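Chemist: Before I ask anything, let me first share the structure, which is written out below as structure tokens.
The values are calculated or read from the model by the stated rules, or taken from the named source; none is laboratory data. Everything quoted here is computed from the prediction, not taken from an experiment. Note that we place each Cβ from the backbone using ideal geometry, even for glycine, and neighbour counts take in every protein chain shown. Calculation scope for accessible area: heavy atoms of the full protein, side chains included, ligands and nucleic acids excluded. Shrake-Rupley method; radii C 1.70, N 1.55, O 1.52, S 1.80 Å.
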Amino acid sequence: MTWDSLMGGAFPDARGRYGVWGGRYVPETLVGALERLNVGAREALADTGFIDDLSRELHDWVGRPTPLTRCKRLGAHWGIDLWLKREDLAHTGAHKINNALGQALLAKRMGAKRVVAETGAGQHGVATAAACAHLGLECTVYMGAVDIKRQSANVRRMRLLGAKIVSVTSGSATLRAAINEAMRDWVSDPETTFYLLGSAVGPHPYPWLVREFQSVIGREARRQINERADCLPDVAIACVGGGSNAIGLFHPFIRDASVKLWGIEAGGRGDALGDHSATITQGSAGVLHGSFSVMLQNDDGQVQETHSISAGLDYPGVGPEHALLNELGRARYRSVTDAQAMEALGELCRLEGILPAIESSHALAGAKLWAEENPGTTVLVNLSGRGDKDLDIIEGYSATPEAI
Amino acid sequence: MKTPSSLLEHAIRSPKRGNVAIMPYLTAGYPNKEDFCELLQAVSVEADAIELGVPFSDPMADGATIQGSSEVALANGVSVRWILGMLASCGPLQAPVVLMSYLNPLLAYGLRNLVRDAADVGVHGFIIPDLPDEEGEQLDQLCEDAGLARIQLVTPVTSSDRLRRLCHRSGGFVYAVTVTGTTGGKLDIGQVSAYLDRVRKVSSKPVCAGFGIAERSDVQALEGHAEGVIVGSALIRALGRGEDGALFVRALVQD
């Protein structure tokens with residue numbers, strides 16, 4: 001298998017497979033709705049009118065292209081040439097807006113009246129609420145009760161933007177339970193409700209659709225770093241929960257054999273099942289949320305509770321394309337702990353004047369690991385979101401946050 | 001020789017009492033593991049077939065009641081292995097049993113071993129709500145070889161071409177989901193009857209209606225529109241209140 005076939009549209013295949021991974025494991029009620037979405041999305045993405053509308057909105061409303069920032073002080077500290085793709089500067093504060101806007105435009109084009117979404121850290125919920133307000137769509141967001149508590153600023157933002165928030169108390173009361181509940185909502189009204197899924201997970205066509213809308217990150221970053229550094233990076237690094245910002249960064253680099261790809265998972269507080277969210281590094285194959293991929297489960301196939309200090313990475317599954325990139329060795333997946341992520345967060349604040357989201361801080365901590373093994377190299381990190389939403393967690397983590 | 005699949009079909013077509021076959025749903029190991037075999041035995045006397053639910057941590061197609069019973073069963077330590085062991089030691093039942101499970105616990109057990117071991121302990125078939133026809137190739141083949149039924153679900157939003165194909169491919173009976181939604185919702189009898197008539201018109205297998213059927217009046221209203229009915233959430237709620245499951249099932253049909 002060549003990297004060209006990965007880039008050339010061979011994956012997913014007609015059945016939504018990435019090699020053995022992916023597919024569509026859903027209740028019969030959703031089969032027709034997913035096929036309509038697949039056909040509608042393919043038509044839209046092949047329509048220059050739709051692409052022009054999307055590009056204009058990305059420019060005028062989202063603020064793209066986002067900048068590429070060279071981090072001279074932190075780079076010198078770590079002994080690398082460090083570049084950040086600044087998705088934290090996109091409207092609503094994270095990469096999630098790229099996909100939320102794209103799918104909301106698609107929902108409108110397909111005649112949907114009502115949008116439902118799930119959210120973990122709240123960034124996808126905020127992005128979806130904003131896109132729906134902008135386009136005049138009704139929006140309901142499912143959010144775990146645990147996450148509502150730890151990301152309350154985003155809950156308040158969503159309400160201001162006109163979204164209805166449903167607190168999910170079943171199961172884990174985090175992102176995983178929120179996805180179950182959003183799917184139950186969709187099963188109840190598959191014909192006029194549009195499920196706006198925020199990560200590169202779920203049944204086909206979602207992993208593909210989310211990748212298409214997020215690949216703008218990697219396309220811009222590749223062009224920007226090539227122009228400014230006059231070379232491609234030695235490595236491109238992103239954090240991986242479900243994997244949407246990572247697949248968006250990685251995909252346009254897949255053919256560039258000299259560019260290593262590193263996905264950084266949440267190692268949490270330890271290696272025991274339940275103490276981390278490091279799906280690829282520690283999980284096994286199975287079906288969760290409509291897709292065959294890698295997941296955290298026990299020997300009986302029951303999905304396990306996860307832990308991460310970052311709500312956005314606190315998820316026991318991962319997108320099927322990451323499972324393929326891992327299997328092929330095209331991307332490497334490692335994990336960093338809560339403590340390593342928080343240390344990197346503090347360093348970026350003090351040396352560069354940028355407060356990253358705790359999710360994105362995992363990617364930075366991954367860059368620090370890379371730097372120890374590969375001094376003097378050129379490193380591209382996707383700074384997927386900003387950390388304003390995380391102030392309560394940061395202050396709860398350390399009595400002296402300025403010294404993290 | 002009669003296969004488990006054809007025995008299941010026969011049981012649905014010839015109900016013990018009345019004109020509609022009654023298929024109660026039980027979450028395995030709910031309300032507890034210790035007395036479950038006894039409950040299963042008692043219910044099997046009143047039922048024409050039994051849908052036995054494998055608890056799963058993320059039951060996407062289920063409403064709050066069955067989510068709750070699944071959580072209790074998982075906390076009780078119920079697994080596919082326990083269920084098959086319980087069926088092996090429980091002794092012969094008075095009604096055929098089909099396993100209802102989300103796919104992942106079955107994958108974890110291993111599909112090949114599962115079909116072999118399930119056939120050994122007298123399971124007649126499988127209902128898998130998150131395994132649509134397109135993804136079921138391997139399991140369908142294993143079931144066919146073992147004579148077990150792979151029961152297909154159809155819904156009010158299934159297109160007519162697809163409905164025809166699923167009815168043709170279904171083993172034992174066709175599971176007609178009455179509503180778009182999760183288990184335990186409300187039923188609009190008028191709409192449901194018309195839909196069931198549409199399914200029966202294209203199906204050579206008996207049709208069993210499920211989702212939202214809670215009491216005797218629902219069963220009566222569906223008479224003539226389905227060969228059988230599946231009663232799940234209402235029975236689980238009764239068990240949760242400490243009521244007698246067999247009496248609940250008995251009361252669904254007028255003597």
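Chemist: Give the residues of segment A:183-205 that are surrounded by 24 or more Cβ atoms within 10 Å (Cβ to Cβ), hydroxyl-bearing (Ser, Thr, Tyr) and in contact with a strand residue (DSSP E or B) (Cβ under 8 Å, 6 or more places away or on another chain), sorted by residue number.
Modeler: A:TYR195
Chemist: Hey, could you check segment A:1-33 for residues that are away from chain B (no Cβ under 14 Å) and open to solvent by less than 10 Å² (accessible area, probe 1.4 Å) and say which is modelled with the highest pLDDT?
Modeler: A:TYR18
Chemist: Moving on to the next point. Which of the numbered conditions does A:THR169 fail, given that it passes all the others? Conditions: (1) under 21 Å from A:ALA90 (Cβ atoms); (2) within 14 Å of another protein chain (Cβ to nearest Cβ); (3) free of Cβ contacts under 8 Å to residues at least 60 places away in the same chain.
Modeler: Result: A:THR169 passes all but (1).
Chemist: Ok, one more. Can you tell me which of (1) open to solvent by less than 20 Å² (accessible area, probe 1.4 Å); (2) farther than 17 Å from B:VAL43 by Cα; (3) part of a helix (DSSP H, G or I) is the one B:ALA234 doesn't meet?
Modeler: Unmet condition: (2).
Chemist: Further, regarding this structure: Condition first: surrounded by fewer than 12 Cβ atoms within 10 Å (Cβ to Cβ) and either of a type in the set (S, T, N, Q) or over 29 Å from A:ALA153 (Cα atoms) (or both). Now tell me which residues in segment A:361-404 satisfy that.
Modeler: Within segment A:361-404, A:GLU372, A:GLU373, A:PRO375, A:GLY376, A:THR400 meet the criteria.
Chemist: I'm trying to understand the selection: among the residues of segment A:118-142, which are of a type outside the set (Val, Ile, Thr), in contact with a Gly (Cβ under 6 Å, 6 or more places away or on another chain) and not in a helix (DSSP H, G or I)?
Modeler: Selection gives A:GLY120, A:ALA121.
Chemist: Residues of segment A:284-307 being of a type in the set (S, T, N, Q), free of Cβ contacts under 8 Å to residues at least 40 places away in the same chain and either farther than 20 Å from B:VAL72 by Cβ or in contact with a Lys or Arg (Cβ under 8 Å, 6 or more places away or on another chain) (or both), which ones? Give the steps one after another, and end with the answer.
Modeler: First, the residues of segment A:284-307 that are of a type in the set (S, T, N, Q): A:284, A:291, A:293, A:297-298, A:302, A:304, A:306.
Then keep just the ones that are free of Cβ contacts under 8 Å to residues at least 40 places away in the same chain; that gives A:284, A:297-298, A:302, A:304.
Residue satisfying the conditions is A:SER284 alone.
Chemist: Please pick out the residue among A:ARG36, A:ARG56 that is within 28 Å of A:GLU220 (Cβ to Cβ) and open to solvent by 60 Å² or more (accessible area, probe 1.4 Å). Give the steps one after another, and end with the answer.
Modeler: On the way: A:ARG36 fails: within 28 Å of A:GLU220 (Cβ to Cβ).
Selected residue: A:ARG56, the only one of A:ARG36, A:ARG56 that is within 28 Å of A:GLU220 (Cβ to Cβ) and open to solvent by 60 Å² or more (accessible area, probe 1.4 Å).
Chemist: Against the conditions (1) crowded, with 20+ Cβ neighbours inside 10 Å; (2) away from chain B (no Cβ under 14 Å); (3) among the acidic types (Asp, Glu), where does A:GLU138 fall short? Just the number, please.
Modeler: Of everything listed in (1) crowded, with 20+ Cβ neighbours inside 10 Å; (2) away from chain B (no Cβ under 14 Å); (3) among the acidic types (Asp, Glu), A:GLU138 misses just condition (1).
Chemist: Pull out all pairs, ordered by first then second residue, where Cβ-Cβ is under 8 Å, the residues are six or more apart or on different chains, the first lies in segment B:166-187 and is within 20 Å of B:ASP140 (Cβ to Cβ) and within 9 Å of another protein chain (Cβ to nearest Cβ), and the second is in a loop (DSSP other than H, G, I, E, B) and open to solvent by 30 Å² or more (accessible area, probe 1.4 Å).
Modeler: Filtered contacts from segment B:166-187: B:VAL177/B:PRO156.
Chemist: Would you call A:ALA178 under 26 Å from B:LEU74 (Cα atoms), among the small types (Gly, Ala, Ser) and more than 10 Å from chain B (Cβ to nearest Cβ)? Give the steps one after another, and end with the answer.
Modeler: Working: under 26 Å from B:LEU74 (Cα atoms): yes; among the small types (Gly, Ala, Ser): yes; more than 10 Å from chain B (Cβ to nearest Cβ): yes.
Yes.
Chemist: OK, next. Could you say whether any residue in segment A:215-233 is under 18 Å from B:PRO59 (Cβ atoms) and crowded, with 21+ Cβ neighbours inside 10 Å?
Modeler: We begin by selecting, within segment A:215-233, every residue under 18 Å from B:PRO59 (Cβ atoms); these are none.
Taking every residue of segment A:215-233 in turn, none turns out to be under 18 Å from B:PRO59 (Cβ atoms) and crowded, with 21+ Cβ neighbours inside 10 Å.
Chemist: Scan segment B:108-118 residue by residue and report those that are outside any loop (DSSP other than H, G, I, E, B), within 14 Å of another protein chain (Cβ to nearest Cβ) and either in contact with a Leu (Cβ under 9 Å, 6 or more places away or on another chain) or surrounded by fewer than 18 Cβ atoms within 10 Å (Cβ to Cβ) (or both). Step through it out loud before you land on a result.
Modeler: First pass over segment B:108-118, keeping only residues outside any loop (DSSP other than H, G, I, E, B): B:108-109, B:111-118.
With within 14 Å of another protein chain (Cβ to nearest Cβ) added as a condition, the list becomes B:108-109, B:111, B:113-114.
Correct list: B:TYR109, B:LEU111, B:ASN113, B:LEU114.
Chemist: Can you name the number of the only condition in (1) over 24 Å from B:PRO206 (Cβ atoms); (2) surrounded by fewer than 24 Cβ atoms within 10 Å (Cβ to Cβ); (3) in contact (Cβ under 8 Å) with a residue 40 or more places away in the chain; (4) more than 13 Å from every other protein chain (Cβ to nearest Cβ) that B:ASP35 fails?
Modeler: (3)
Chemist: Out of curiosity, is B:LEU239 without any contact (Cβ under 8 Å) to a residue 40 or more places away in the chain, in a helix (DSSP H, G or I) and closer than 23 Å to B:SER101 by Cβ?
Modeler: Details: without any contact (Cβ under 8 Å) to a residue 40 or more places away in the chain: no; in a helix (DSSP H, G or I): yes; closer than 23 Å to B:SER101 by Cβ: yes.
For B:LEU239, the condition - without any contact (Cβ under 8 Å) to a residue 40 or more places away in the chain, in a helix (DSSP H, G or I) and closer than 23 Å to B:SER101 by Cβ - is not met.
Chemist: Given (1) of a type in the set (Val, Ile, Thr); (2) over 17 Å from B:LEU153 (Cα atoms); (3) within 18 Å of the chain's Cα centre (by Cα), identify the lone condition not met by B:ILE189.
Modeler: (3)
Chemist: Exactly one of (1) touching a Leu at 6+ places or on another chain (Cβ under 9 Å); (2) more than 18 Å from A:GLU352 (Cβ to Cβ) is unmet by A:ASP52. Its number?
Modeler: The one condition A:ASP52 does not meet is (1).
Chemist: Something else: Please go through segment A:283-325 and give me each residue that is more than 14 Å from every other protein chain (Cβ to nearest Cβ), surrounded by fewer than 24 Cβ atoms within 10 Å (Cβ to Cβ) and at pLDDT 95 or above, ordered by number. Before the answer, list the steps.
Modeler: Step one: of segment A:283-325, the residues more than 14 Å from every other protein chain (Cβ to nearest Cβ) are A:307-314, A:318-319, A:321-325.
Still in the list and also surrounded by fewer than 24 Cβ atoms within 10 Å (Cβ to Cβ): A:307, A:324.
Within segment A:283-325, A:LEU324 is the sole residue that qualifies.
Chemist: Could you count how many residues in segment B:53-65 are crowded, with 24+ Cβ neighbours inside 10 Å and away from chain A (no Cβ under 11 Å)?
Modeler: 1
Chemist: A further question on this structure: If you check B:ILE230, B:ILE213, B:ILE151, which single one turns out to be under 27 Å from B:THR65 (Cβ atoms), in contact with a strand residue (DSSP E or B) (Cβ under 9 Å, 6 or more places away or on another chain) and within 14 Å of chain A (Cβ to nearest Cβ)?
Modeler: Details: B:ILE230 fails: within 14 Å of chain A (Cβ to nearest Cβ); B:ILE213 fails: within 14 Å of chain A (Cβ to nearest Cβ).
Step by step, each of B:ILE230, B:ILE213, B:ILE151 is checked, and only B:ILE151 is under 27 Å from B:THR65 (Cβ atoms), in contact with a strand residue (DSSP E or B) (Cβ under 9 Å, 6 or more places away or on another chain) and within 14 Å of chain A (Cβ to nearest Cβ).
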